[in-house]
Amino acid sequence: MSIAASSALSRKDFVSDQDVRWCPGCGDYAILAQVQKVMAELGIARENAVFVSGIGCSSRFPYYMNTYGFHSIHGRAPALASGIKVARPELSVWIITGDGDALSIGGNHFVHILRRNLDVNILLFNNEIYGLTKGQYSPTSKRGHKTKTSPMGSLDSPFSPAALALGAGATFIARTVDVETQHLQSMLHRAAAHKGTSFVEILQNCVVFNDGAFADVSDRGTKAERQLLLEQGKPMLFGRDSEWGIRLRADATPEVVAVKDVKPSEIAVHDETNPFMAHLMSHMEGSQFPVPMGVLRAVEGEGYPVYEEGVHRQIHEARESKGPGDFDALYRSGDTWQVE
Amino acid sequence: MGEAFPLASNKPVEVLEKVVIRFAGDSGDGMQLTGTQFSNESALAGNDIATLPDYPAEIRAPAGTLAGVSGFQLNFSSTSLLTPGERPDVLVVMNPAALKVNLPHLREGGTLIMDADAFTKGNLRKAGYAQHPSESGELDGYTVFDLAMTKMTARALADMDLPKKSVVRCKNFFALGLCSWMFSRPTEQTLAWIASKFAKSPQLVEANTRVFKAGWNYGETTDAFANCYTVEKAKIEPGLYSSITGNKALAWGLATGAAKAGRQLFLGSYPITPATEILQDLAAMKEFGVITVQAEDEIAGVGSALGASFAGAIGVTTSSGPGVALKAETIGLAVMVELPLVVVNVQRGGPSTGLPTKTEQADLLQALYGRNGESPVAIIAPRTPADCFDAAIEAVRVATKYMTPVILLSDGYLANGAQPWKLPKFSELPDIEAKPWKQQVAFQPYLRDEDTLARPWVSPGTPNLTHRVGGIEKDYNSGDISYDPLNHERMVHVRASKIEGISADFAPCEIEGLQSAEVLVVGWGSTYGAISEAVRALNSQGYSFAHVHPRWLNPLPRDLGEILRRFDKVIVPEMNMGQLVRVVRDQYLVDAIPLTKIQGQPFGVSELCDRLRGIVEENK
């Protein structure tokens, strides 16, 4: 069943009649604009797209999309979306969530939807803070982060969303940042094209409660040194002139090397299908390393079944082998007796 | 095997009106199987039947212990029956622990059949007997048949070269054979059932058939039994019948309801006692297009169901009290987004984990009030196992017609109890119509139907009607987010009015018993059988009782207030601390009297009679 629109669409077709009410300067605006643009480029008819969210700043997103939308409850968007997708596999389903919504209160649903590999897209706006409740530390806040509920610094160790997703068996993991519109668009396209659950972590700036959390990654002056742009089959190089590279030591741990000091063959090459590489990239943290951006992992096809396809295949197989359900035969299926 | 097996005894036959029999043994003794098959024989004999399994919470408690005792009670009668009976007339026990647990229930003068071989020193000690109960005098007053069942089973299988463990496992068929003889049950169907049940192992077919016949023949030949009994056919509405448990009836009813609505059934559920069988049964119905998702938790169960409803399916979730507690927030969301949702609560003893395998009716107030905010939902309570089928269809109908969550309150007693069910014809069941969006006016997602106050059910995929729903309060007209104070009040009222309006569909309450009685007994849910039989019994003793049993608990029937005021006294028996009685007192200012039992066990008829009589005498 085609879900394509019958005529060409533009970004404006995906703009709803609701006033957008995020704080001025919020990174969410940029993400909204890119999602609307990409939806038009994908040519998905508005009525065949469903945006589902939980609670939080990011979760207001569905109200601003001129598609079907469901603003549900805190952490539960993957559960709602699972019902929608399993009931109607032909729909294009997008889950909009945040670091608190997906990884804290909704952690269980998050890992299980990844494990089941439904063909939906999860966009996690990671701002490392609770915004809607006005500034408490989140499960991705760095240790020591001082917030209203951690005046002496947070004692929690943060999740790496990508590492958590990988542990849950995600078949598609990508990372991008709100201000890099081209990169964000390309990640959204990749996510939409992926068969299975696509998980995209979008580093998103909260101007009010955690401004500049990703400044080094997104600022023009520093980003070349701080971003490692991953590309399939390409060596892992970064720096203004690609003067730095990632090399794996004998014990398989990564290190940053100057390209001029090593042979080209010593530089690690990215492979989206290699689980070891996804592991390395999702755990590569700390100021000595650049932040990996792009598709960390993408596997699909044989060995990575899509949940809702299995659900409907079993229904099909049951009907093939037993014939379509006959209720009268069902009622009679136990021991019966006739009363005259 | 092939030879004709005697169908009738040559011994004198005494006719009884009704018999309550209980089979009890260790969890591994096959008592549920034995009881179920004896029930089937009784149904085939034309009796009215009602059954109640009583099994331990532990999957395999240590053999021979009190915790491991599993029981199955059957009431079979030549007159109409509504309960599995209170005190058994006949108790069959396969070990000392089963005797210890069940002897207090056996009626005075009742018949006790024991496997003498199981009363070893070790088993007696495990059951807490200092000496053999036949020596202590505690079996005095009963008719006791202390039979070497295990030895006779072994003898019947002596030439078969079966391991000793397998031999012992056949002994329940000796008991089944003996009881089949004792009550003149038809045996052909049981022999056929053994052949199909154990078809994978011809050796077990042979063994169980031999032991069943050995039990039957023992009754017929031994001098221990002077005569046998029979219970004649009951007057039952003609038709094709099957025995059905409440959980199976719910599963089939939900699937039937969805089919009648022309929608796909989507069940999102998480296993929990005593509701799990509904998920299992529906998971086996894929050829009907039924979707089941075993979710990661209770919240995801209801969440996926609500998502499926948004997508146009009949979203259903099934659980028990602790699980429903976890679902509360999503039920509130369903109230707010006004989508169909059926939430089945098979109630068990609470609070918390409580008594998972025992029955209780203590979640009525949870269903009514257990959410934040003003959050009205429709609540329906089936009254018998077979009624679960109709109630499930009715829940689907109301959920779709009124775009609302419906909570269906079953309980452990209905879930596992079985009764004869007159098979319906699918084609004769009425269709369920969800009102489609009529494009006469501009679409708004919360534009209400004038009659039902329901909003339109428009699913993704419908062109030109894209819209967003969510948990935030919305504007009455546009459905957009609204924080306007007066709009909120209006929305709270309209959601409440919508639920109140459901009672327009109800038939007038049926009043059983004496219409001009002084005392009205008001019950709900699974107490129906016990209350009906008690009222019948009391009225036959010259008392004056009426009985009303509302099926819908929210909204309550429109004529209930007038009915309550017609009687001098109103008594409300419930398996809780008094929940419906509070609602009745609150809504109708009627001085209703609670009659409560919170023991994890259903009301017995004579117990109810005594207590109803007591309240009437006390309040004279």
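The values are calculated or read from the model by the stated rules, or taken from the named source; none is laboratory data. Keep in mind that this is a model prediction, so the values were computed, not measured. Backbone-built Cβ (ideal geometry, glycine too); neighbour counts: all protein chains shown. Quick note on the areas: whole protein, heavy atoms, side chains included, nothing else; ligands and nucleic acids left out. Shrake-Rupley method; radii C 1.70, N 1.55, O 1.52, S 1.80 Å.
In the condition set (1) within 14 Å of another protein chain (Cβ to nearest Cβ); (2) within 18 Å of B:Glu188 (Cα to Cα); (3) aromatic (Phe, Trp, Tyr), B:Trp216 is compliant with all but (1).
Mind checking which strands (runs of 3 or more DSSP E) fall wholly inside the range A:55-168 and carry at least 3 residues that are surrounded by fewer than 24 Cβ atoms within 10 Å (Cβ to Cβ) and within 14 Å of chain B (Cβ to nearest Cβ)?
Working: elements: A:68-71, A:92-98, A:121-126.
Strands (runs of 3 or more DSSP E) meeting the threshold: none at all.
Examine the range B:373-388 for a residue that is open to solvent by 10 Å² or more (accessible area, probe 1.4 Å) and on the phi > 0 side of the Ramachandran plot, and state whether such a residue exists. Yes, because at least one residue in the range B:373-388 is open to solvent by 10 Å² or more (accessible area, probe 1.4 Å) and on the phi > 0 side of the Ramachandran plot.
Collect the residues in the range B:231-263 that are within 11 Å of chain A (Cβ to nearest Cβ), in contact with a Gly (Cβ under 9 Å, 6 or more places away or on another chain) and open to solvent by 10 Å² or more (accessible area, probe 1.4 Å), keeping them in residue-number order. Across the range B:231-263, the qualifying residues are B:Lys233, B:Ala234, B:Ile236, B:Ser243, B:Thr245, B:Lys248, B:Ala259, B:Arg263. Criterion applied to B:Thr51, B:Thr34, B:Thr83, B:Thr79 was being crowded, with 18+ Cβ neighbours inside 10 Å, part of a loop (DSSP other than H, G, I, E, B) and of a type in the set (S, T, N, Q), and the one residue passing it is B:Thr83. Spot the failing condition for B:Lys422; the list is (1) within 14 Å of another protein chain (Cβ to nearest Cβ); (2) on the phi > 0 side of the Ramachandran plot, and only one is missed. Condition not satisfied by B:Lys422: (2).
Filter the range A:23-52 for residues that are assigned to a loop (DSSP other than H, G, I, E, B) and more than 14 Å from chain B (Cβ to nearest Cβ); which is surrounded by the most Cβ atoms within 10 Å (Cβ to Cβ)? Selected residue: A:Cys26.
Taking the criterion of being open to solvent by 50 Å² or more (accessible area, probe 1.4 Å) and either within 14 Å of chain A (Cβ to nearest Cβ) or over 34 Å from the mean Cα position of the chain (by Cα) (or both), the residues of the range B:482-512 that qualify are B:Tyr483, B:Asp484, B:Pro485, B:Leu486, B:His488, B:Glu489, B:Arg490, B:His493.
How about the range B:531-620: which strands (runs of 3 or more DSSP E) wholly inside it have at least 2 residues that are open to solvent by 20 Å² or more (accessible area, probe 1.4 Å) and modelled with pLDDT of 95 or more? If you could, list the steps in order and put the result at the bottom.
On the way: elements: B:545-548, B:552-554, B:569-574, B:593-596.
The strands (runs of 3 or more DSSP E) meeting that bar are B:593-596.
Looking across B:Glu277, B:Glu329, one residue alone is touching a His at 6+ places or on another chain (Cβ under 9 Å) and either more than 21 Å from A:Gly310 (Cβ to Cβ) or among the hydroxyl-bearing types (Ser, Thr, Tyr) (or both). It is B:Glu329.
Select from the range B:183-215 the residues that are more than 32 Å from the chain's Cα centre (by Cα) and touching a residue at least 60 places away in the same chain (Cβ under 8 Å) and write down the one among them that is most open to solvent (accessible area, probe 1.4 Å). In this case the residue turns out to be B:Glu206. The C-beta contact set for the range B:321-335 (first residue within 11 Å of chain A (Cβ to nearest Cβ) and assigned to a helix (DSSP H, G or I), second residue surrounded by fewer than 23 Cβ atoms within 10 Å (Cβ to Cβ) and at pLDDT below 95, distance under 9 angstrom, 6+ apart or interchain) is empty.
Test B:Gly110 against the criterion of being at pLDDT 95 or above and under 24 Å from B:Ser606 (Cα atoms), and give yes or no. Break it down into steps so the answer makes sense when it comes.
Working: at pLDDT 95 or above: yes; under 24 Å from B:Ser606 (Cα atoms): yes.
Here the answer is yes, as B:Gly110 does meet what is asked.
For the condition closer than 23 Å to B:Ala313 by Cβ, within 14 Å of chain A (Cβ to nearest Cβ), open to solvent by less than 30 Å² (accessible area, probe 1.4 Å) and among the β-branched types (Val, Ile, Thr), B:Thr400 does not qualify.
Residue pairs whose Cβ atoms lie under 9 Å apart, sitting 6 or more positions apart in sequence or on different chains, and linking a residue in the range A:269-290 that is more than 17 Å from A:Pro158 (Cβ to Cβ) to a partner that is of a type in the set (Phe, Trp, Tyr), are A:Glu272/A:Phe172; A:Pro290/A:Phe238; A:Pro290/A:Trp244. For B:Ala305, indicate whether it is in contact with a Ser or Thr (Cβ under 7 Å, 6 or more places away or on another chain), within 9 Å of chain A (Cβ to nearest Cβ) and assigned to a helix (DSSP H, G or I). It is true that B:Ala305 is in contact with a Ser or Thr (Cβ under 7 Å, 6 or more places away or on another chain), within 9 Å of chain A (Cβ to nearest Cβ) and assigned to a helix (DSSP H, G or I).
For the range B:408-415, the criterion of being touching a strand residue (DSSP E or B) at 6+ places or on another chain (Cβ under 7 Å), of a type in the set (S, T, N, Q) and open to solvent by less than 10 Å² (accessible area, probe 1.4 Å) is met by at least one residue.
Just to be sure before I move on: is B:Phe288 within 11 Å of chain A (Cβ to nearest Cβ), within 27 Å of B:Trp457 (Cα to Cα) and open to solvent by 10 Å² or more (accessible area, probe 1.4 Å) in the structure I sent? So B:Phe288 fits the description; yes.
Within the range B:269-285, the set of residues being within 14 Å of chain A (Cβ to nearest Cβ), open to solvent by less than 10 Å² (accessible area, probe 1.4 Å) and not small (Gly, Ala, Ser) comprises B:Leu282, B:Met285. In the set B:Ala199, B:Ala154, B:Ala175, B:Ala195, only one residue is within 24 Å of B:Ser39 (Cβ to Cβ), part of a helix (DSSP H, G or I) and out of contact with any Phe, Trp or Tyr (no Cβ under 8 Å at 6 or more places or on another chain); that residue is B:Ala195.
Is at least one residue of the range A:215-222 of a type in the set (Lys, Arg), open to solvent by 10 Å² or more (accessible area, probe 1.4 Å) and at pLDDT 95 or above?
Going residue by residue through the range A:215-222, those that are of a type in the set (Lys, Arg) are A:220.
Checking which are open to solvent by 10 Å² or more (accessible area, probe 1.4 Å) leaves us with A:220.
Then keep just the ones that are at pLDDT 95 or above; that gives none.
Scanning the range A:215-222, I find no residue that is of a type in the set (Lys, Arg), open to solvent by 10 Å² or more (accessible area, probe 1.4 Å) and at pLDDT 95 or above, so the answer is no.
Quick one: count up the residues across the range A:200-225 that are among the hydrophobic types (A, V, I, L, M, F, W, C), under 21 Å from A:Ile173 (Cα atoms) and part of a loop (DSSP other than H, G, I, E, B).
Residues of the range A:200-225 that are among the hydrophobic types (A, V, I, L, M, F, W, C), as a first pass: A:200, A:202-203, A:206-209, A:213-215, A:217, A:224.
Subset that is under 21 Å from A:Ile173 (Cα atoms): A:200, A:202-203, A:214, A:217.
Those still in the list that are part of a loop (DSSP other than H, G, I, E, B) too: A:214.
So the answer is 1.
The single condition among (1) out of contact with any helix residue (DSSP H, G or I) (no Cβ under 8 Å at 6 or more places or on another chain); (2) more than 14 Å from chain B (Cβ to nearest Cβ) that A:Ile267 does not satisfy is (1). Among the conditions (1) more than 7 Å from every other protein chain (Cβ to nearest Cβ); (2) in contact with a Ser or Thr (Cβ under 9 Å, 6 or more places away or on another chain); (3) free of Cβ contacts under 8 Å to residues at least 40 places away in the same chain, A:Arg313 misses just one, which is (2).
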